[in-house]
Amino acid sequence: MEDLSFIPDISSGPLDVYRKSASFDWKRLKLALEGDIELLKLKYKIWHTLENDPLFAHNRVTPTVDEQKRITQLQLKRINEYKFHTKETFRSSYTKRTRTLMTINEAVQSLNPSVSVKMAIGIYLVSNALLSLGTERHLKFYEAIIVNREILASMSLTEIAHGSDAKLMRTTATYDARTRQFVVHTPDFAAAKCWVGNLGKTCTHTLLFAQLITPDGTNHGLHGFIVPIRDPKTLETYPGLIVGDMGEKIGVHGIDNGFVMFNQYRIPRESLLNRTADVTEDGVYESSFSDPSKILGAALENLSAGRVGIMQESCHSISSAVAIAVRYAASRKQFGERDAEIPLIEYELHQWRLFGYVAAAVVFRVYVESFTRVYLGFVEKSNAGIRVDNLSEAVSEIHAMVSCSKPLLTWTVLQAAQQCREACGGHGFLKCANLGDIRSNHEPTVTYEGDNNVLSQQAGNWLLRQYASARAQAAVDSPIGTVTFLADHARILQQLFHGTETRHLKTAEFITSTYKWLICWLLQQTHDKYESEMASGQSKFQAKTKSQVYRWKSLTTVYAEYLVVIFSLESIEKKEKELQPVLYKLFYLYGLWSLDKHLVEMYQGGYARGEAPTRLIRAAILELCAELKGEIVSVVDALAPTDFVLNSVLGRSDGNLYQNIEQALFNAPDTIGRAKWWRQAVTKTTSKL
Ligand SMILES: Cc1cc2nc3c(=O)[nH]c(=O)nc-3n(C[C@H](O)[C@H](O)[C@H](O)COP(=O)(O)OP(=O)(O)OC[C@H]3O[C@@H](n4cnc5c(N)ncnc54)[C@H](O)[C@@H]3O)c2cc1C
């Protein structure tokens, strides 16, 4: 057994009563959820280092927005100086290197999400894009950004008038053969690049996406360019640019989101990221035919890496949120019989409100850990030029998986943060509870890196293509195997809800087979609706828009939940025996809690009949909540970061709720005493009454 003494023990206190009833060792569950002891050690090393650095001390008073931006920038600089990534990291295999960098990002995100967003965009996203879209001539930027951390970058895609609809962006990069330069231009304010993280005040370069136009006037579509924005020594913006900050936002205050307008701004020809296409010195556009499998791998990396990162960060946000709410529920007492108050966690209603999210936090962690391995494995092989069967199909499948999983995870975490805040009552509304910050810092993830409602449509496109193949009795292109069952869709659709007791539902077989039925039925419904719209004379575009609500959208949600189910199940089967009972209970709870939301479709499609399916699913959920009551505090101990990182007066692991609140109130400046502005508050006529 591994030595887990590097994980600090939890001090004894009021939560002991629940901790003692757990059937497992929470440190072993923590390791199982991380999946790699070296990465877990790295996380603790980062947390301990930052806890001992005054620059990362928590503020008792919320700093101004500008101050938050300053602190975030300095914290990023300091993290770079700590070199949690070593030269060795960059010499290791692609998978090892990426997982190490992802772990650093996750550890930092739990403490200050603004720093991790700054790092994720300014360092990882841009350097990944340079590797996958650029060539040797861009390596110096790659080295400067990710290895030496000399420059901070940003990624400029969104424009004021176009976000999701990237094809219609209007910033142009026109090649001037005379000077061998591109001339970047913003036609009007509606085409200004906006929302760009790090652009407002700090970045020195941006990865710009602009329409490439050759001297013959041909528009070759959006291409990437690495563009200088500020002098690295003075941070003055270069002439020809108007750069501004987006102003105050409702979360991630440490990020300087900015806008930029280019006025005939000249950049060298070599700024074009030319892996797939280049412009010759004379201005001729050429597609470069390098190894197609490498290009596909690059495309995959580019499309998915940022979204996988968001999924990992989401897992940490939900872990922190449920840890706070469950520890609070186990120490906070309200009501009871015969004057004996009971903790909130004893109430079935409270269990039902929270435990589904705890289960989601666990299965999401297991799913994302397992999916990341598969994903990185594909990118590594294709980057190395190793032949991968069906690579292009695998790329499409992975893209579909990410396109619906990022929405499912980010939306669930947002709902969890809100539910956890409410479950902590009025105290949950305290800034020092940290639930408000967890929620508002997480919130933009549902919009950036692909708005959830738009992104998930892409998963639907892929699913419908596979369904069309299955209907035509052709092979389903699913190398990862997530929808190979579609070949059997006709038989699956004949299945009926089976089970007469709750124990029949608390099985992997019930949950996976019900999901397969739901996917087949929603595919059939979506396909039929689309075809009927087409038959009535609608265009493909209109038919698609008319098939979204209750069909396409529900389909992609169900598919994402199914992915969570099958990946986490496979992973749980391999976990150590002592952990399996609790992991299976959490898995069943997540599965049934999610299926409960699809009962309408089950009845509509004839899978469920009579009152039994609803009664049994809901009874099983409540049974699982009761069975998990004695385990749940230790489960959140396994999910939670250290107390310093969790930074919640309600969620401290010692469970000394009221002492902790008292300390927070009495240590805050201005808690006690007359307001500095008391003179303005009194009126001249106020007299002693
Ligand atoms: C905090 C933050 C950081 C960001 N960082 C960056 C960055 O670094 N670089 C960058 O380039 N951008 C960045 N963005 C911008 C972000 O990527 C865009 O906001 C996002 O792509 C959505 O585009 P949009 O805002 O134009 O929304 P729109 O595309 O206008 O969408 C508005 C709404 O309409 C819906 N909608 C749109 N099309 C359809 C359709 N076909 N069917 C149904 N519904 C539809 C969407 O679901 C959405 O709810 C950031 C945004 C935020 C909030």
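The values are calculated or read from the model by the stated rules, or taken from the named source; none is laboratory data. As the structure is a prediction and not an experimental result, all values here were calculated from the model. Quick reminder, even Gly has a Cβ in these numbers, built from the backbone with ideal geometry, and neighbours come from all protein chains shown.
For segment 389-441, what are the residues that are of a type in the set (S, T, N, Q), assigned to a helix (DSSP H, G or I) and at pLDDT 95 or above?
Within segment 389-441, SER403, SER405, THR410, THR412, GLN415, GLN418, GLN419, SER440, ASN441 qualify.
Quick one: which strands (runs of 3 or more DSSP E) sit completely within segment 118-229 and have at least 2 residues that are near the ligand (Cβ under 10 Å from one of its atoms) and closer than 21 Å to HIS253 by Cα?
Fully inside segment 118-229 and qualifying: 153-156, 193-196.
Conditions tested, residue by residue: (1) without any contact (Cβ under 8 Å) to a residue 40 or more places away in the chain; (2) within 23 Å of the chain's Cα centre (by Cα).
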{"site": "ALA57", "(1), (2)": "yes, no"}
{"site": "VAL65", "(1), (2)": "no, no"}
{"site": "ARG70", "(1), (2)": "yes, no"}
{"site": "THR100", "(1), (2)": "no, yes"}
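Of the numbered conditions (1) modelled with pLDDT of 95 or more; (2) over 12 Å from LEU207 (Cα atoms), HIS138 fails exactly one; give the number of that condition.
For HIS138, the failing item is (2).
Consider segment 91-117. How many of its residues are surrounded by fewer than 22 Cβ atoms within 10 Å (Cβ to Cβ) and outside any helix (DSSP H, G or I)?
2
Can you name the helices (runs of 4 or more DSSP H) wholly within segment 483-571 that have at least 1 residues being in contact (Cβ under 8 Å) with a residue 24 or more places away in the chain, out of contact with any Lys or Arg (no Cβ under 9 Å at 6 or more places or on another chain) and over 23 Å from GLU393 (Cβ atoms)?
Helices (runs of 4 or more DSSP H) meeting the threshold: 489-494, 502-505, 508-535.
Might you check whether a residue that is surrounded by fewer than 20 Cβ atoms within 10 Å (Cβ to Cβ) and either more than 27 Å from ASN452 (Cβ to Cβ) or touching a strand residue (DSSP E or B) at 6+ places or on another chain (Cβ under 9 Å) (or both) occurs anywhere in segment 540-555?
no
Could you check how many residues of segment 444-482 are in contact (Cβ under 8 Å) with a residue 40 or more places away in the chain, part of a loop (DSSP other than H, G, I, E, B) and polar (S, T, N, Q)?
2
Looking at segment 414-470, which of the residues that are among the aliphatic types (A, V, I, L, M) and within 23 Å of ARG551 (Cβ to Cβ) is farthest from the ligand (Cβ to nearest atom)?
ALA470
Can you name every residue in segment 35-58 that is assigned to a helix (DSSP H, G or I) and out of contact with any helix residue (DSSP H, G or I) (no Cβ under 8 Å at 6 or more places or on another chain)?
Within segment 35-58, GLU38, LYS41, TYR44, LYS45, HIS48, PRO54 qualify.
Looking at segment 106-115, can you tell me whether even one residue there is among the polar types (S, T, N, Q), within 13 Å of the ligand (Cβ to nearest atom) and under 26 Å from VAL645 (Cβ atoms)?
Yes, segment 106-115 contains a residue that is among the polar types (S, T, N, Q), within 13 Å of the ligand (Cβ to nearest atom) and under 26 Å from VAL645 (Cβ atoms).
One line per residue, one yes/no per condition, for (1) under 32 Å from the mean Cα position of the chain (by Cα); (2) free of Cβ contacts under 8 Å to residues at least 24 places away in the same chain; (3) surrounded by fewer than 13 Cβ atoms within 10 Å (Cβ to Cβ):
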position: THR218; (1), (2), (3): no, no, yes
position: ARG230; (1), (2), (3): yes, no, no
position: GLY247; (1), (2), (3): yes, yes, yes
position: GLY251; (1), (2), (3): yes, no, no
position: GLY254; (1), (2), (3): yes, no, no
position: PHE259; (1), (2), (3): yes, no, no
position: GLN264; (1), (2), (3): no, no, yes
position: PRO268; (1), (2), (3): no, no, no
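Just to be sure I understand, how many residues within segment 236-269 are outside any strand (DSSP E or B) and either small (Gly, Ala, Ser) or within 16 Å of the ligand (Cβ to nearest atom) (or both)?
13
In segment 31-79, how many are of a type in the set (Lys, Arg), closer than 30 Å to VAL366 by Cβ and crowded, with 18+ Cβ neighbours inside 10 Å?
Selection size over segment 31-79: 1.
Go through the residues of segment 470-485 one by one and say whether even a single one is more than 28 Å from the chain's Cα centre (by Cα), on the phi > 0 side of the Ramachandran plot and surrounded by fewer than 18 Cβ atoms within 10 Å (Cβ to Cβ).
Within segment 470-485, one or more residues are more than 28 Å from the chain's Cα centre (by Cα), on the phi > 0 side of the Ramachandran plot and surrounded by fewer than 18 Cβ atoms within 10 Å (Cβ to Cβ).
Name the single residue, out of those in segment 15-30 being assigned to a loop (DSSP other than H, G, I, E, B) and in contact with a Pro (Cβ under 9 Å, 6 or more places away or on another chain), that is surrounded by the fewest Cβ atoms within 10 Å (Cβ to Cβ).
Only one residue tops the list, namely SER23.
Testing LEU272 on (1) surrounded by 17 or more Cβ atoms within 10 Å (Cβ to Cβ); (2) within 14 Å of the ligand (Cβ to nearest atom), one condition comes back false. Which one is that?
(2)
If you check VAL374 against the conditions, is it surrounded by fewer than 18 Cβ atoms within 10 Å (Cβ to Cβ), at pLDDT below 95 and away from the ligand (no atom under 16 Å from the Cβ)?
So VAL374 fits the description; yes.
How do the helices (runs of 4 or more DSSP H) wholly within segment 605-655 filter down when requiring 2 or more residues that are surrounded by 17 or more Cβ atoms within 10 Å (Cβ to Cβ) and of a type in the set (Val, Ile, Thr): which remain?
Answer list for segment 605-655: 612-628, 632-639.
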